[in-house]
Each structure stands twice: as C-alpha cells, then as structure tokens.
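One structure is given here, and the rest of the page talks about it.
The values are calculated or read from the model by the stated rules, or taken from the named source; none is laboratory data. As the structure is a computational prediction, the values presented were derived from the model and not from experiment. Note that each Cβ is placed from the backbone with ideal geometry, even for glycine, and that neighbours are counted across all protein chains shown.
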Amino acid sequence: VLLEDCAQSLGVYWGGEHPGHRGVMSFFSSQSYKMLNSGEGGFLLTDDDELAAKMILYAGAYEKLYHKHSLRPADEIFEEIKHEIPNYSMRMHGVTAAMIYPQISTLDERIEKYNRRYLDIVEPRLNAVRNIKVPKQLKEVSPVYDSVQFNVHGMSEEQLQKFIQAAGANGVPIEVFGAKSNARYFRNWRYTADSIPQFDHLPKTEEVIKWACDVRLPLMFQDEDFHTICDVIEDAMDKAMA
C-alpha cells in the first residue's frame, strides 16, 4: 500500500502530473508557510471509498456523525465497518476548515506570486552574491518557489557558521540541511537507526547537505522585503568572508 506524502508539494507538477495521484491516499499539510495556511492542520485525499470511510471514522465520526461530511462514501460502507474502527478524535475543527476553504480558489494566484518574486528578485540577487549558487530546477518540474535553496562554496565550516549567525542577527534565519538541529538531516532520524544502517554510507549526500541552505519566502511579504532579505544575506556573506 502506497501512502503518498505530499506535505510540501501542493501546486508542484512533475512531467505535467501533480503529486498525490500514485498512492491510494495522499496527504497535504496546511501548517504555517504552506501553500494553504491554517497555522496548523492538514488533510488527506483518496478515491477509495472504504479507506475514506475508515479515515472519517478514525477522525471521530462516531454513531452517525459521518453525515456531517458533505463528501463521503455511501452510508452502507460506514454501517458495515463503524464498530471495527476506534475513535481517535482527530477531526479538523471548523475554524481551521474555514481558513483553508477560501484559499483553495486562490492557488493559481499564489503560485504566480511566489514564482514571479523568486525569478525576478531572489534568484538573480542571490546568484550575484559571492560564494553562493542557486541550483537550476529540473526541466520536468513545474515549481512553486515558496522558499529558496542555495549552496555555499569556497568557505570553511567556521565561515559558514559566521554567515548563518550574521544573517540571523539581522532577522533572516537560514537553515543548513546538514545541521545537527535540522529535522531533515537523516542522522537526526534516530528512530530509523536500527532499520536503515546504510545511513553510514552516504558520503556524497552528506557533503551536499553540509553546504545546502534554505530560506523561507513568506507569501505575505512585499517585493521590497525580498530585496531586504537578499541585502542581509549579501552583507552576512561579506562579514563571514572578511
């Protein structure tokens, strides 16, 4: 069974296909800074009636509360399985849903705004900064640039830390993918240590993420804010390399 994690890929296409259509279920996040932002939350999608019914019941549609779901499988499916499914009380509350729903119709507008600012401001500005290279996107990808990833080069680890600290001191947090505090760094996944021993044999991956940086590009910011972000990053690099 393939459960497709699409937490951060809403609006992105690969070869003209949107993620989320290969697994029996797909999952999207609506946490802060995501394409749909409700602060906290998320939702799943499926075209499997039995799985949809199970998920609704797991979320807390006990007795006949599944009728509150305007889009749902047939009642017969619920009645057949409802006594086999525990109630985990994980329903999305109405306030979260009310924040997400009107944003759905603005997805194309959001994508256009993210991508214009990235291509017109962020990418060229950062590529002009010493010791920074913004990688090109693969041709198969139709992206949504809600953040920027770039690689630093020609500097020591000590200089990298000075760069991060200088930018942070001026209000621009930069995450390094290979940092001990970064949840995306596979060596921080101790819960997989016994089952995935090959983590000890990924020297090329470690070398890449050691110098790979990430900066969020919030939707609510104005164009001038992104020039400020780039100014801060450029100044931090100059200080680190001085």
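Tally the residues that are more than 18 Å from the chain's Cα centre (by Cα) and buried (at least 16 other Cβ atoms within 10 Å of the Cβ), restricting the search to the stretch 28-50. Step through it out loud before you land on a result.
Taking the stretch 28-50 as the starting set, the residues that turn out to be more than 18 Å from the chain's Cα centre (by Cα) are 46-50.
Applying the additional criterion that residues be buried (at least 16 other Cβ atoms within 10 Å of the Cβ) yields 46.
Qualifying residue count, the stretch 28-50: 1.
For Val148, the stated conditions do not hold, so it cannot be described as in the same structural domain as Gly15 (by TED's automatic domain parsing), β-branched (Val, Ile, Thr) and within 23 Å of the chain's Cα centre (by Cα).
Note on the stretch 175-199: among residues that are polar (S, T, N, Q) and within 19 Å of the chain's Cα centre (by Cα), the one that is modelled with the highest pLDDT is Asn182. Scanning the stretch 41-76 for residues that are aliphatic (A, V, I, L, M) and under 24 Å from Arg22 (Cβ atoms) turns up Leu44, Leu45, Leu51, Ala52, Ala53, Met55, Ile56, Ala59, Leu71.
The criterion of at least 1 residues that are aromatic (Phe, Trp, Tyr) and either in the same structural domain as Arg184 (by TED's automatic domain parsing) or without any contact (Cβ under 8 Å) to a residue 24 or more places away in the chain (or both) is met, among strands (runs of 3 or more DSSP E) falling completely within the stretch 1-47, by 25-29.
Candidates Tyr13, Tyr88: the one that is surrounded by fewer than 16 Cβ atoms within 10 Å (Cβ to Cβ), under 30 Å from Ser142 (Cα atoms) and not hydrophobic (A, V, I, L, M, F, W, C) is Tyr13.
So, in the stretch 6-27, of the ones that are under 21 Å from Asn37 (Cβ atoms) and modelled with pLDDT under 90, which residue ends up nearest to the chain's Cα centre (by Cα)?
Pass one, the stretch 6-27, residues under 21 Å from Asn37 (Cβ atoms): 6-13, 18-20, 26-27.
Then keep just the ones that are modelled with pLDDT under 90; that gives 7-8.
On the way: Ala7: 6, Gln8: 3 Å.
Per the stated criteria, the residue is Gln8.
If you go through the stretch 29-43 and pick out every residue that is of a type in the set (Phe, Trp, Tyr) and out of contact with any Asp or Glu (no Cβ under 9 Å at 6 or more places or on another chain), you end up with 1. The set of residues from the stretch 132-154 being crowded, with 18+ Cβ neighbours inside 10 Å and more than 26 Å from Pro19 (Cα to Cα) comprises Ile132, Val152. Of the residues making up the stretch 166-176, those that are surrounded by fewer than 19 Cβ atoms within 10 Å (Cβ to Cβ) and part of a loop (DSSP other than H, G, I, E, B) are Asn170, Gly171, Pro173. Residues in the stretch 1-49 that are among the aromatic types (Phe, Trp, Tyr) and within 11 Å of Ile100 (Cβ to Cβ): Phe28, Phe43. Quick one: is Tyr62 at pLDDT below 95 and out of contact with any Pro (no Cβ under 9 Å at 6 or more places or on another chain)? Yes, satisfied.
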